[in-house]
Amino acid sequence: MSEAEKVGLRPHLLAGAAILALLHSGTAFAATVGTAGAANTRSTGTPPGSAMRVIEIGTQVVTDEKIETSASGSVQLLFIDKTTLNIGPNSSLIIDKFVFDPATAQGELAISLSKGVLRVVGGQATHTGGATITTPVAALGLRGGIVSAKHSKAEGTQAILGFGALTMTSGGETQTVTRPGFIVKAVSANSPPSTPTKATSAEINEANGAVTSKGNQAGGSSVRPTDQQAADYNVGTAISAAPPLQIGGQVLTSTNLNAINGTADAIAQQGAQVPLSTQASVVPSPPPPPAPQPQAFALMTTAGAGSGVPFLTASFAGNGNFNVSPVLGFAAGGTNANGTPNTSSRLLQASLSVNGQGPAQTSTISVMTALFTNDPTLGPTLTGGVDASTRKAANQIAFHLDSAVSSVPGTAHVDANGLPIGSFGTNQNQAVINPPASKIIPSQGFTNLGGTPQNFTFNQTVNRLPTPAGLGADHPNALLTAFVGGIMQTLTFSPAGAARPVAVSAPFAINGTGQIFLDGSSSKLGAEFDVAAVNPNSTTPQLTSANFKFGSVTPNDPNNTAGLGTARGTFIDRTDFGARAQAVMNGDASIETSSITDTSGRTFQNSPGNTSTSLSSTGLLMVTANTVGANTSTFLTSISTAPSVTPCQCEFTQWGFWSASATRTDRVNNVSFLDTGNLMLWVAGIPAKATDIPTTGAATYTGHAIANISNNGAQYIAAGTFTNQVNFAQRTGLVQIAGLDTSSYGGVVNLAQGSPNLFSGVLNTGPSNRFLTLSGQFFQGGPTNTTPLFGEMGGNFSITGPNNYLGSGIFAARKP
């Protein structure tokens, strides 16, 4: 058997990769695995069957060679696949295996670390076969990326992930780390690894400092090599004599060595990676390309399953006109931890269909959010999900759908700017919807549309759409105050999970407030709506209050130490954002974070140790009206009895839709409940300060009102005009809402005593005997407003009337 075959190398690699070298000792052949790119103070190597030697720049390290560093020593090893090992002081390790085929980019690396610290910057081999680091107490697995590993008898093994994916196995258990900057530890071979936690600044600084050259280190040989010595040591080659070493584009000779020595020392002291050239010379790393800039973009889609709506099956979406947004994206730009361009993007697509007015109305809404990133193992990859809600007829309870969306590995692509391109079709990017057997629940029974899982296409054209003017330009960090309204129902199932409900509550109105957090730095979105039933029915176990949470980030945890799912909220700009249910990721499981309290006083949520009740799914979606084409006079007038409804010409204040379908379970009594609402409403803005509200003068605010209506059990949405004539001196406002489901309302609202940025009041319709209770707030206006400190307003309202008439909605308005 040849020496190449003994180490698992194909014979043809001897010529192609030239990874066998003759040791200077002349005693044996061994497989060369790396070359020393930097060596500080004293670092030694002991090849198998040979004597110990000092490692200097250009020294070639072989398989099974024991590498040791002194208390002040460090060494950097460079591999042909661009993998780099930085070994810190007081370290001892053996490179057990390195196999790499340049023709296929397949390879594998294995290291035994008995003590000390090292950093692995993965090259091509670690992206395919991966890298394994074995210590006396644990086994580390690295797929691509960067890891800093440390082992000592006193502390055991610890590893900090810089990029990529990391596993640690000890005591028969394995922990996986995928979040950069997180650390995992094993104290003994018999104990399991710790749960990954965010590494402290001290831990990160210690790991970085251990593999960084110090100021008194020369970063190379104690005796400067001659040209002949460089050739003898095969610097820049794998087996034969080579052209001289080049540094900074200059050929290294005995006459110009002094002039360029400072450059060489600087490279070594900075720990720069000096890649091996296939042209048999060593050159410094070229300067990195300019980091890509953050930017917004739009992608085209094609219809799936004949519905005209991406992500929805025809049986679910139904008929009618759909307003479908492009796939809107915001690319992060900048660079990753390892210096490579950051090609991650957050994506958002939404659709809306509302057909007809009053009890004949049907409606469907869908929201897709996703993360597109250059996965170190799979390459460009899309992961995310879609949520949707539909009502086939006004007297039916809405059905909610949620499903994962992902690309098939290896089929997504990025262009020169790192933005997604290519075709994501049935053979490439495929999503599967698994609706339950019973999907739409009329008040008198069930309509079953079939429960067979269906595939549908999500196609992007090779060329991106021209980016809409201004898309992504207004991309700040902002915390908005929200007002929420809607109509919901509670269904009771006994036993839990039964196919049909044993009881369905009457529709009930909800109102509430909340906040929306727009994170411009990460393009993530987080939202939280606290709602309560306006007139809860104590005879049924219906929802009385709830805390619904959306998205991927919270303002008090911008670094996401809680581990929220990162593909659940997308912020493109101030007028285009959307989210799905917030969830903490636990491995492959998603634990949603919302909670619901019912008329019995029980709170349902997913929490440790909660064995009696649970909230298994909240089926949430929320999106701006602008994204789904609803912030237009055409749309609002189509659902109004007024001649024309013009939406608020707001700049900072936004409004939109949200839906919920929450399943909660009483395990003690084996009963489950479904709290559901379709096309509910929210409005949000930047609160005006109480001290900025004038004490003199007057102003008129104009805009629109939109509401969920339940008319004797038939549910639909309706819109009307809104005006508020504010008298700042008298602390009052005269509000009129006209053309809202055949009704017009009028009355006086009062600015709150001590908090004049808030106002409330009751409006009535006169003979129809319907009453509208309204609460609102002054919001800050945009740059074109004459009084931007209080130039806009928004709020919510509820409506009651005879013959089981209910309503709940929002309004938005601004002053010139």
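Observations, loosely collected:
- Unmet criterion (only one of (1) open to solvent by 30 Å² or more (accessible area, probe 1.4 Å); (2) at pLDDT 85 or above) for ASN208: (2)
- Contact map, the range 455-483: residues that are within 20 Å of GLU792 (Cβ to Cβ) and part of a strand (DSSP E or B) paired with residues that are open to solvent by less than 70 Å² (accessible area, probe 1.4 Å) and modelled with pLDDT under 95, Cβ distance under 6 Å, separation 6+ or inter-chain. Pairs shown: LEU479/PRO555.
- The range 462-491, subset polar (S, T, N, Q) and either exposed (fewer than 15 other Cβ atoms within 10 Å of the Cβ) or at pLDDT below 90 (or both), residue nearest to TRP658 (Cα to Cα): ASN477
- The number of residues in the range 662-681 being hydroxyl-bearing (Ser, Thr, Tyr) and either surrounded by 24 or more Cβ atoms within 10 Å (Cβ to Cβ) or closer than 22 Å to VAL623 by Cα (or both) comes to 2.
Okay, residues lined up against (1) at pLDDT 85 or above; (2) of a type in the set (A, V, I, L, M); (3) under 27 Å from the mean Cα position of the chain (by Cα); (4) not in a strand (DSSP E or B):
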| residue | (1), (2), (3), (4) |
| --- | --- |
| PHE330 | yes, no, yes, no |
| ASN338 | no, no, yes, yes |
| ARG346 | yes, no, yes, no |
| GLN349 | yes, no, yes, no |
| SER353 | yes, no, no, no |
| MET368 | yes, yes, yes, no |
| GLY384 | yes, no, yes, no |
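- Residue list for the range 800-813, filter: within 21 Å of LEU679 (Cβ to Cβ) and open to solvent by 10 Å² or more (accessible area, probe 1.4 Å): THR800, GLY801, ASN804, LEU806
- Among the residues of the range 113-127, the one identified as open to solvent by 10 Å² or more (accessible area, probe 1.4 Å), within 15 Å of ILE80 (Cβ to Cβ) and over 25 Å from the mean Cα position of the chain (by Cα) is GLN124.
- Neighbours by Cβ (under 8 Å, 6+ apart or cross-chain): first from the range 131-155, closer than 17 Å to ARG119 by Cβ and touching a residue at least 60 places away in the same chain (Cβ under 8 Å); second surrounded by fewer than 24 Cβ atoms within 10 Å (Cβ to Cβ) and among the basic types (Lys, Arg): ILE146/ARG119; SER148/ARG119
- Of all residues making up the range 760-799, the number that are over 26 Å from ALA690 (Cβ atoms) and surrounded by 17 or more Cβ atoms within 10 Å (Cβ to Cβ): 3
- Looking only at residues in the range 631-661 that are touching a helix residue (DSSP H, G or I) at 6+ places or on another chain (Cβ under 7 Å) and not hydrophobic (A, V, I, L, M, F, W, C), the one that is surrounded by the fewest Cβ atoms within 10 Å (Cβ to Cβ) is SER644.
- A Cβ distance below 6 Å, combined with a sequence gap of six or more or placement on separate chains, defines the contacts here; from the range 664-680, residues that are among the small types (Gly, Ala, Ser) reach residues that are part of a strand (DSSP E or B) in the pairs SER672/PHE493; SER672/THR665; GLY677/GLY486; GLY677/MET488; GLY677/ALA660.
- Among the residues of the range 602-630, those identified as hydroxyl-bearing (Ser, Thr, Tyr), in contact (Cβ under 8 Å) with a residue 40 or more places away in the chain and open to solvent by 40 Å² or more (accessible area, probe 1.4 Å) are THR611, SER612, SER616.
- Complete set of residues in the range 516-544 that are open to solvent by less than 20 Å² (accessible area, probe 1.4 Å) and either at pLDDT below 90 or at positive phi (or both): SER523, GLN542
- A count restricted to the range 670-688 and to residues that are under 14 Å from MET793 (Cβ atoms), of a type outside the set (Val, Ile, Thr) and either in contact with an Asp or Glu (Cβ under 7 Å, 6 or more places away or on another chain) or part of a loop (DSSP other than H, G, I, E, B) (or both) stands at 2.
- Filtering the range 149-167 to residues that are open to solvent by 10 Å² or more (accessible area, probe 1.4 Å), within 24 Å of ASN90 (Cα to Cα) and of a type outside the set (A, V, I, L, M) leaves LYS150, HIS151, SER152, LYS153, GLU155, GLN158, GLY162.
- Hey, SER744 closer than 30 Å to PRO359 by Cβ and open to solvent by 50 Å² or more (accessible area, probe 1.4 Å) or not: yes
Yes/no matrix, rows are residues, columns are (1) of a type in the set (A, V, I, L, M); (2) in contact (Cβ under 8 Å) with a residue 60 or more places away in the chain; (3) more than 19 Å from SER672 (Cβ to Cβ); (4) outside any strand (DSSP E or B):
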residue: LEU491; (1), (2), (3), (4): yes, yes, no, no
residue: ALA496; (1), (2), (3), (4): yes, yes, no, yes
residue: ASN511; (1), (2), (3), (4): no, yes, yes, no
residue: ILE516; (1), (2), (3), (4): yes, yes, yes, no
residue: PHE529; (1), (2), (3), (4): no, yes, yes, no
residue: ALA532; (1), (2), (3), (4): yes, no, yes, no
residue: ASN535; (1), (2), (3), (4): no, yes, yes, yes
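- Of the residues in the range 545-561, at least one is of a type outside the set (Phe, Trp, Tyr), on the phi > 0 side of the Ramachandran plot, in a strand (DSSP E or B) and open to solvent by less than 50 Å² (accessible area, probe 1.4 Å).
- The set of residues from the range 406-433 being part of a strand (DSSP E or B), modelled with pLDDT under 75 and open to solvent by less than 60 Å² (accessible area, probe 1.4 Å) comprises SER406, ILE421, ALA431, VAL432, ILE433.
- Criterion (among the hydroxyl-bearing types (Ser, Thr, Tyr) and within 37 Å of the chain's Cα centre (by Cα)) met by exactly one of SER659, SER640: SER659
- Number of the condition not met by VAL748 [criteria: (1) among the hydrophobic types (A, V, I, L, M, F, W, C); (2) closer than 19 Å to LEU681 by Cβ; (3) touching a strand residue (DSSP E or B) at 6+ places or on another chain (Cβ under 8 Å)]: (2)
Listed here are the residues, each with its yes/no results for (1) under 41 Å from the mean Cα position of the chain (by Cα); (2) hydrophobic (A, V, I, L, M, F, W, C).
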| site | (1), (2) |
| --- | --- |
| ILE706 | yes, yes |
| ALA718 | yes, yes |
| SER743 | no, no |
| SER775 | yes, no |
| PRO783 | yes, no |
| MET793 | yes, yes |
| ASN796 | yes, no |
| PRO802 | no, no |
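The values are calculated or read from the model by the stated rules, or taken from the named source; none is laboratory data. What you see is a predicted model; the values in this text were computed from it and never measured. Using ideal geometry, Cβ is built from the backbone for each residue, glycine included, and neighbour counts are taken over all protein chains shown. Side chains included, ligands, DNA and RNA excluded: accessible areas come from the protein's heavy atoms. Shrake-Rupley method; radii C 1.70, N 1.55, O 1.52, S 1.80 Å.
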